[in-house]
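Here the structure comes first, spelled out in structure tokens, and everything after it is commentary.
The values are calculated or read from the model by the stated rules, or taken from the named source; none is laboratory data. This one's a predicted model, so the numbers in the text were calculated from it and none came from an experiment. Every residue, glycine among them, receives a Cβ derived from its backbone with ideal geometry; neighbour counts consider all protein chains shown. For accessibility, only protein heavy atoms count, side chains too; no ligands or nucleic acids. Shrake-Rupley method; radii C 1.70, N 1.55, O 1.52, S 1.80 Å.
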Amino acid sequence: LLKLALPLVLSQSFMTIQIAVDRILLSRHNPDEVAASFPAVMLFWLPFGLLQGIAGYVSTFVAQYTGANRPQRVGPAVWHGLYFAIAGGLLFLLMLPAAPHLVAFGGHDPRLQPLEIVYLRYLALAALPMLIIAAVNGFFSGRSETWTVLGIDAIGTAVNAALALVLIFGRLGFPEMGIEAAGVATVVGSWVSAVFGLMMLFRPKFRTIYNTLAGWRPERELTKRLLR
């Protein structure tokens, strides 16, 4: 059990690690920026946590179809998770124009609100790749390839940390960007993980065994089951 679960425990910690690294770096750059980052994360995570859980729930369908010796149904299940991820990620774009109103509703220090808005908008842009990661990870965790899940999450976290270190302080010839850099690093790191995960998902052996490429056609019943 520990051998199976340990990579998942670690991979679930990466989001926390990523936020912690950003806050440590921001605290060394500007105390106002680290103060603004936390409420922005909370505003983002409140709706995102629900959507991430639904997208990642494809792992249950993958496990059931694998156990029932119906591997050709695994691909369609994952595709429905991806469809949900895309829809949810696009829905988060509504947070871009709504960010000033959401931040103002919190009644925080007016000095911090512009910084909160900047960070919240970048987190909203990161929602799409992060939801794709959840669906892709469901394919691997549902088949007990939990170390692959760890690798997908680790590569994005490493990219995020490296970019944040360079961009926040304006190193290696880049301009000093502060809290905006933390947002950019989150978006880029999330897309790196998402693209890497999709490349793993659509490898030839998975396309053949699990129908991961050809099983893209939407199915109303499968969509209803996932949402239920």
Item to check | Average projected area [Cα convex hull, region 141-201], square nanometres | outcome: 4.3
Item to check | Given charges at beta-carbon only (K, R positive; D, E negative), |dipole| of region 95-182 in Debye | outcome: 80
Next on the checklist: Could you order the peptides 114-124, 3-13 from most to least packed, using the average number of other C-beta atoms within 10 Å per residue?
Outcome noted: 114-124, 3-13
Checklist entry - Per the Kirkwood definition applied to all pairs of different Cα atoms, how many angstroms is the hydrodynamic radius of region 46-90? => result 10.9
Checklist entry - Ignoring any ligand, DNA or RNA, what whole percent of the accessible area of region 1-143 comes from carbon and sulfur when the probe is 1.4 angstrom? => result 71
Checklist outcome for this item: The alpha-carbon center of region 153-167 and that of region 44-62 are separated, in whole Å, by 23
Checklist outcome for this item: Computed over region 169-228, the convex hull of the Cα set has an average projected area, in nm², of 7.2
Item to check | Per-peptide average of other Cβ atoms within 10 Å, ordering 55-63, 196-204 highest first | outcome: 55-63, 196-204
Item to check | Dipole of the chain, positive direction: furthest Cα of Leu222, Ser190, Leu172, with charges on the beta-carbon | outcome: Leu222
Checklist outcome for this item: Dividing the alpha-carbon radius of gyration of region 88-170 by 2.2 N^0.38 Å, where N counts its residues, gives 1.39
Next on the checklist: Using only Cα atoms and rounding to the nearest 10 degrees, what angle (0 to 90) does helix 74-91 make with the longest principal axis of the chain?
Outcome noted: 20
Checklist outcome for this item: By the mean-Cβ-within-10 Å protection proxy, highest first, 210-221, 159-170 rank as 159-170, 210-221
Next on the checklist: In Å², and per residue, what accessible area does the chain have when probed at 1.4 Å with the other protein chains present?
Outcome noted: 49
Checklist outcome for this item: So the angle from the long Cα axis of helix 58-67 to the longest Cα principal axis of the chain, reported in degrees to the nearest 10, equals 20
Item to check | Contact order relative to length of region 154-204, as percent, for alpha carbon pairs under 8 angstrom and 6 or more apart | outcome: 40
Item to check | Calculated [θ] (222 nm, deg cm²/dmol) that DSSP helices of n ≥ 4 give over the chain, each run adding -39,500 (n - 2.57) | outcome: -27500 deg cm²/dmol
Next on the checklist: Taking the 0 to 90 degree range and rounding to the nearest ten, how far is the long axis of helix 146-169 tilted relative to the main principal axis of the chain, both from C-alpha atoms?
Outcome noted: 20
Checklist entry - Mind checking the dipole of the chain: about its Cα centre, +1 per Lys or Arg Cβ, -1 per Asp or Glu Cβ, Debye to the nearest 20? => result 1080
Item to check | Space enclosed by the convex hull of the alpha-carbon atoms of the chain, per residue, Å³ | outcome: 130
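What is the Å³ per residue value for the convex hull set by the Cα atoms of region 16-125?
94
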Next on the checklist: Suppose every Lys and Arg Cβ carries +1 and every Asp and Glu Cβ carries -1, with no other charges. What dipole size does region 132-228 come out with about its Cα centre, to the nearest 20 debye?
Outcome noted: 600
Checklist entry - So what is the relative contact order for region 87-188, in percent, with contacts set as C-alpha pairs under 8 Å and at least six apart? => result 28
